Amino acid sequence: MAKTAPPKISVSPQNKNHRDSSIKSRNAFFFGKPYPKSTLFSSHLHSSYTTLSISSSVIEAEEYKISDCNRKICEFCEVGNLRKAIELLHMSPKIKIESSTYCSVLQLCADTNSLQDGKQVHSIICSNGVSIDGVLGTKLVFMYVSCGDIREGRLIFDKIANRKVFLWNLMLTGYAWIGDFEESVHIFRKMLDLGVEVNSHTFSSILKCFAALGSRKEGEWAHGYLLKLGYGSHNIVVNSLISFYFNIRKVESARKLFDELSDRDIISWNSMVSGYVANDLPEEGLLVFKELLYLGVNLDLSTVISVLAACVNCDNVLLGRAVHALAIKACFDRRITFANTLLDMYSKCGDLHDAILVFEKMGERSVVSWTSLIAGYAREGLSEGAIRLFQKMKSEGVRPDIFTISTILHACACNGSLEDGKDVHNYIKGNDIQSNLFVCNSLMDMVFKNGHPNEALGLFVAMLQELKPDGRTIACILPACASLAALDRGREIHGFILRNDCFSDQHVANALVDLYVKCGALALARLLFDMILTKDLISWTVMIAGYGMHGFGKEAIAAFNEMRQAGIEPDEVSFISILYACSHSGLLNEGWILFNIMQHECSIAPKLEHYACIVDLLARTGKLSMAYQFIKSMPIEPDATIWGALLCGCRIHHDVKLAEKVAEHVFELEPENTGYYVLLANIYSEAEKWEEVKKLRERIGGRGLKKNPGCSWIEVKGKVHIFVSGDGSHLQSQKIKSLLNELRSKMKEEGYFPKMEYSLINADDLEKEMTLCGHSEKLAMAFGILNLPPGKTIRVTKNLRVCGDCHEMAKFMSKITRREIVMRDSNRFHHFKDGTCSCRGFW
C-alpha cells in the first residue's frame, strides 16, 4: 500500500484566504499522518504546527462569529423581527458590527415607527465608537424624521459634513410633515446658498410648502427656476405645480400645466379633481373625472374620495351612488377611509337612510364614522337621534374626539337641549378637554344659541385664563354681547381684535359690525363696515338690517342698491332685511317695488317671512283691508306671524272689529302664545272694553298660560343689571321709585298724562299709574340716569315690545334730563332725543 504523502502546510502571514488555509490546517491536524519521531526537527515542527493551527482557528472562528452575527441581524430585519435584531446587538456590544447592519436595523425602526428602539440602536452605535457620517448618518436622520423626532434628526443632520441632496430633501420634507413650512423654506434657501444641486424631489416638496403658506411670489419664482434647470417636464414636479396653483386659486394656470403634461399619472388627474373641488368648482372636477373614465385611466382610492367630495358640493347623490358602484368593483369598499367618505357623502346630500346602511355594513368603525353619522342626524334636524347615537358611541368604547364633541354640541344647540348640552360639558370636563379652543368655541356657541348669553360670556372669561381666543372664538362671543347689548364688553373685545389683527377675518368683521348695530351705535357700525376691504353678502345684509332696525329705511334702500351695484346679488335673507326696513319706516311704494324685484329680477319665490313683511308694511301704513285681502290671496298657507302682523296693525289703527276676526286665526295657529292674547287685550284696553279684557284673562288662566314677564336690562361699568316689571328687589329700588315720581310730576307740569290703557287693569287712575310706573323699561332708564355719568347715552334693552306709556315717558325723560336714550325692544330700536323718537310712530 503506497504511503500517503504528508500534507503541505502554508503558514505564510501573507496568505490572502485565511478561511481556506485554516480549513487545510484543520484537515492536516485531524486527518494527516504524523511525522516519525526520528525525523530531524520533528518535535519542533510538530510544536510549531500545533500552535499555528490553534491560532489560525481562533482568528477564523472570531471572524466567522462576526460575519454570522451580522448575517443573523440582517435576516431578523428582513423578516421584520426588530426585537430579536436588537437583542443580538445588545448581546455582543463589542463585536464589530458592519455599518450596513446598523442601517438595516435603523430602517426597520423607521418602518415600524419604533422611536425608542431607534434610540437604543443610536446609543449602541455611539458606545461602540462608530463614526456617524455618510450612509449611516443619513440613515439615522431618516429614522428620527420618520419616527417624528425631527429635533434629534436635525442635530445629527447639522453634524454631517458632506450632506447629499437626499439628506437635504429629507429634512425639508420632514419639517413639512409636521407643518413647519417656514423651516422647510429656510432649508431650501440654505441649499441654494451652499450651492447644493437640487433635484425634482426638492422642487416637489418645496412647492407644497409654498402652497401651504400661500407664498404666491416664491412659488412662481420656483416655477421659473425649475424650468431653467430643465425640470419642467418632470411628472412629479408638474403635479406639485398644479397643486400649488390650485392652492393660490390660479385655476387657469393649473389647467394649462395639466393640458401640456404628456406623461400624466393618476396623481395628475387626482390633483385636478381635488383642486377644482377646493376652488368651489365641483362641476369642473366631475368633468375631469368623466374624461379620466373615458380614457380608461385606472383610478385609485384618492380619485374616488375627491369625486365623492365633488358630489357633496354639487348635491349630486345620483352620481355619488354611481361612484359607490365603481368603488365596489374596484374593492375600495373594504377600506375604512372610503366607507367614511361615502357615509359623509350620503349624509351631506340628505340621504340619511343610505348613510345609516353604509354605517351598519361597516366591519370596522372609527371615531370618524360615528361623527359623520351624528352630524348627519344633526343636519337633518334630528338632534335627539344625534344625542342617542353619541351615547351609544360612548357605550361601545369609542372615544369621541374634538370634532365629535363640536358636532354633538351643535346638535344640542339646534335642539335647544341645554340639559344634554350640560351632560356633554360634564364629559368635556371629566376628560380634560376643556382647554381645547375648538371645543370651547362650540360650547360657547351652544350655550348662546340655547338662550344663555350671560353664561356664554362667563365661559369666554374663564377661557381667557388658559387660552388665547382665535377668530372663531371672537365670532362666537360677539353675538352674545350683541344679544345682551353689552356695549362695554363688546368694546373690550374690539380692542383685542385690533391688538391681534383679527379684523381681516371676514366673520369677525361682520360680527363686530352686527354688535354695534344691536348695541345702538349705528354710526360706529357704518364706520367699521366701510373699513371692511372685501364685503360679502353677509356684510351688506347686516348693515341693511341695521338701518331697518333703527328706522332708517331710505338709508337701507341706498345700501341695498349699492350692494347690487357692487355685483353682489341679494338672497332670501337680504330681501327679508330690506322689506323689514321699508315696513318700519312706512315706505309702502318702495316695499312693493322691492317685492317685485325679488320675484321677477332675482327669481326668488317669496316665503312666509317675505309675505309677513308685506302684511306688516300694509298694516302699519293703515291699509288694513288691503292687508287682509293680500293674506287671503297668498299661494301658501299663512302662519301666526302673518296674522299677528295684521293684528299689530289693528292695534295701531284701533280697528277692534277686524282685530277680533284676525285674533281667532292667530289663536287657532298658536294657542299657547300669550303674546297675542296680550296684544288683543291692549286693543280692548285702549277701547276701554274692560269686560272683554276680563274674558281674555280668564281664557289665559283657563288654559294654564302665563304671560311672559316684562324684562329690561342695562349695562353699567361692564355689569348687566336686570329689571323685571313690578319687582322692587333691586338695591336701588327706592332711589329709582323716587326719581320716577319726580320725573312724572315734571312731565305733568308740561302737559303729559299717563296712557292708562297700557296698565291692562280696570281700576282707578292712581292704581293704574302705579302699575305703569313699575314697567321694567322705566326702571332700567331711571337706573341709568342715576348711575351713568352726565351726558352718557342710556342704552336699555327689553325682551318684549315697549308699551305706549313707556315710549311717551322715554321721550319726556330724554328732554328733561337732556340725555339720549337708546331703547331696543323685541321689534326695533328707538332713539329718544330732545323729546322725539326716531321711530316716528312706526313701531
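The values are calculated or read from the model by the stated rules, or taken from the named source; none is laboratory data. Quick caveat: nothing in here was measured; it's all calculated off a predicted structure. For neighbour counting, all protein chains shown are included, and Cβ atoms are generated from backbone atoms with ideal geometry for every residue, glycine included.
Screening segment 218-256 for residues that are assigned to a loop (DSSP other than H, G, I, E, B) and in contact with a Phe, Trp or Tyr (Cβ under 9 Å, 6 or more places away or on another chain) and picking the one that is nearest to GLU182 (Cα to Cα) gives ILE248. Among the conditions (1) out of contact with any Lys or Arg (no Cβ under 9 Å at 6 or more places or on another chain); (2) in the same structural domain as LEU88 (by TED's automatic domain parsing), TYR144 misses just one, which is (1).
When the residues of segment 626-660 are narrowed to those that are outside any loop (DSSP other than H, G, I, E, B) and of a type in the set (Val, Ile, Thr), which ends up nearest to GLN599 (Cα to Cα)? Among them, the one singled out is ILE631.
Only one of (1) part of a helix (DSSP H, G or I); (2) surrounded by 16 or more Cβ atoms within 10 Å (Cβ to Cβ) is not met by PRO469, so which one is it? Here PRO469 meets the rest and fails (1). Residues that are surrounded by 20 or more Cβ atoms within 10 Å (Cβ to Cβ) and in a loop (DSSP other than H, G, I, E, B) within segment 164-204 comprise just one, VAL198.
Every condition in (1) within 17 Å of ASN827 (Cα to Cα); (2) at pLDDT 95 or above is met by ILE593 except one, and the failing one is (1).
Among the residues of segment 309-326, is any among the basic types (Lys, Arg), free of Cβ contacts under 8 Å to residues at least 40 places away in the same chain and closer than 17 Å to LYS348 by Cα? Walk me through it before giving the result.
Here is the first cut: in segment 309-326, the residues among the basic types (Lys, Arg) are 321.
After this cut, where a residue has to be free of Cβ contacts under 8 Å to residues at least 40 places away in the same chain as well, the list is 321.
When the remaining residues are screened for being closer than 17 Å to LYS348 by Cα, the result is 321.
Yes: segment 309-326 contains one or more residues that are among the basic types (Lys, Arg), free of Cβ contacts under 8 Å to residues at least 40 places away in the same chain and closer than 17 Å to LYS348 by Cα.
Here's a check for you: in segment 646-661, which residue that is surrounded by 21 or more Cβ atoms within 10 Å (Cβ to Cβ) and of a type in the set (A, V, I, L, M) is farthest from THR621 (Cα to Cα)? Of everything passing the filter in segment 646-661, ALA659 is farthest from THR621 (Cα to Cα). Among the residues making up segment 662-673, those that are surrounded by 15 or more Cβ atoms within 10 Å (Cβ to Cβ) and out of contact with any helix residue (DSSP H, G or I) (no Cβ under 6 Å at 6 or more places or on another chain) are PHE667, ASN673. Among all residue pairs at least 6 apart or on different chains, which show Cβ distances below 6 Å where the first residue, located in segment 718-732, is modelled with pLDDT of 85 or more and the second is surrounded by fewer than 17 Cβ atoms within 10 Å (Cβ to Cβ)? So the pair list comes out as VAL724/PRO709. Being among the small types (Gly, Ala, Ser), surrounded by fewer than 22 Cβ atoms within 10 Å (Cβ to Cβ), within 24 Å of SER271 (Cα to Cα) and not assigned by TED's automatic domain parsing to the domain that holds VAL145 is true for just one of ALA222, ALA212. Which residue is that? The match here is ALA212.
Going through (1) more than 33 Å from the chain's Cα centre (by Cα); (2) part of a helix (DSSP H, G or I) one by one, GLY586 falls short only on (2).
Would you be able to say whether some residue in segment 567-575 is within 23 Å of LEU658 (Cβ to Cβ), among the hydroxyl-bearing types (Ser, Thr, Tyr) and in contact with a helix residue (DSSP H, G or I) (Cβ under 6 Å, 6 or more places away or on another chain)? Walk me through how you get there before you give the answer.
To start, the set of residues in segment 567-575 that are within 23 Å of LEU658 (Cβ to Cβ) comprises none.
Within segment 567-575 (the criterion being within 23 Å of LEU658 (Cβ to Cβ), among the hydroxyl-bearing types (Ser, Thr, Tyr) and in contact with a helix residue (DSSP H, G or I) (Cβ under 6 Å, 6 or more places away or on another chain)), the answer is no, since none of the residues qualifies.
In summary, GLU492 fulfils each of the numbered conditions (1) outside any helix (DSSP H, G or I); (2) surrounded by fewer than 17 Cβ atoms within 10 Å (Cβ to Cβ) with the single exception of condition (1). Going by the conditions given, is LYS535 under 25 Å from ASN436 (Cβ atoms) and part of a loop (DSSP other than H, G, I, E, B)? Criteria not met by LYS535.
The residue that is farthest from ASN673 (Cα to Cα), among those in segment 599-657 that are touching a Phe, Trp or Tyr at 6+ places or on another chain (Cβ under 8 Å) and β-branched (Val, Ile, Thr), is ILE604.
Within segment 372-387, how many residues turn out to be of a type in the set (Asp, Glu) and touching a Phe, Trp or Tyr at 6+ places or on another chain (Cβ under 9 Å)?
Here is the first cut: in segment 372-387, the residues of a type in the set (Asp, Glu) are 380, 384.
From what is left, the residues that are touching a Phe, Trp or Tyr at 6+ places or on another chain (Cβ under 9 Å) are 384.
Final tally of qualifying residues: 1.
Only one of the listed residues (ILE132, ILE124) is more than 37 Å from the chain's Cα centre (by Cα), in a helix (DSSP H, G or I) and farther than 30 Å from ARG249 by Cα. That residue is ILE124.
Residue-by-condition table, conditions (1) over 24 Å from ILE266 (Cα atoms); (2) assigned to a loop (DSSP other than H, G, I, E, B); (3) at pLDDT 90 or above; (4) out of contact with any strand residue (DSSP E or B) (no Cβ under 9 Å at 6 or more places or on another chain):
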site: LEU308; (1), (2), (3), (4): no, no, yes, yes
site: PHE338; (1), (2), (3), (4): no, no, yes, yes
site: LEU342; (1), (2), (3), (4): no, no, yes, yes
site: SER347; (1), (2), (3), (4): yes, no, yes, yes
site: LEU357; (1), (2), (3), (4): yes, no, yes, yes
site: ILE374; (1), (2), (3), (4): yes, no, yes, yes
site: GLY385; (1), (2), (3), (4): yes, no, no, yes
site: MET393; (1), (2), (3), (4): yes, no, yes, yes
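Step by step: first the residues of segment 420-459, then only those that are among the hydroxyl-bearing types (Ser, Thr, Tyr) and over 29 Å from GLU715 (Cα atoms), then the one that is surrounded by the fewest Cβ atoms within 10 Å (Cβ to Cβ). Which residue is that?
SER435
Restricting attention to segment 785-810, which residues are modelled with pLDDT of 85 or more and of a type in the set (Lys, Arg)? Matches in segment 785-810: LYS792, ARG795, LYS798. All of (1) closer than 14 Å to ILE402 by Cβ; (2) in contact with a helix residue (DSSP H, G or I) (Cβ under 8 Å, 6 or more places away or on another chain); (3) among the small types (Gly, Ala, Ser) hold for SER435 with one exception: (2).
Looking only at residues that are of a type in the set (Ser, Thr, Tyr) and crowded, with 17+ Cβ neighbours inside 10 Å in segment 225-240, which one is farthest from the chain's Cα centre (by Cα)? Give the derivation first.
At the first step, the residues of segment 225-240 found to be of a type in the set (Ser, Thr, Tyr) are 225, 231, 233, 240.
Narrowing the set further to residues that are crowded, with 17+ Cβ neighbours inside 10 Å leaves 231, 240.
Numbers: TYR231: 38, SER240: 27 Å.
Selected residue: TYR231.
Residues in segment 499-532 that are in a loop (DSSP other than H, G, I, E, B) and surrounded by fewer than 16 Cβ atoms within 10 Å (Cβ to Cβ): ASN500, ASP501, SER504.
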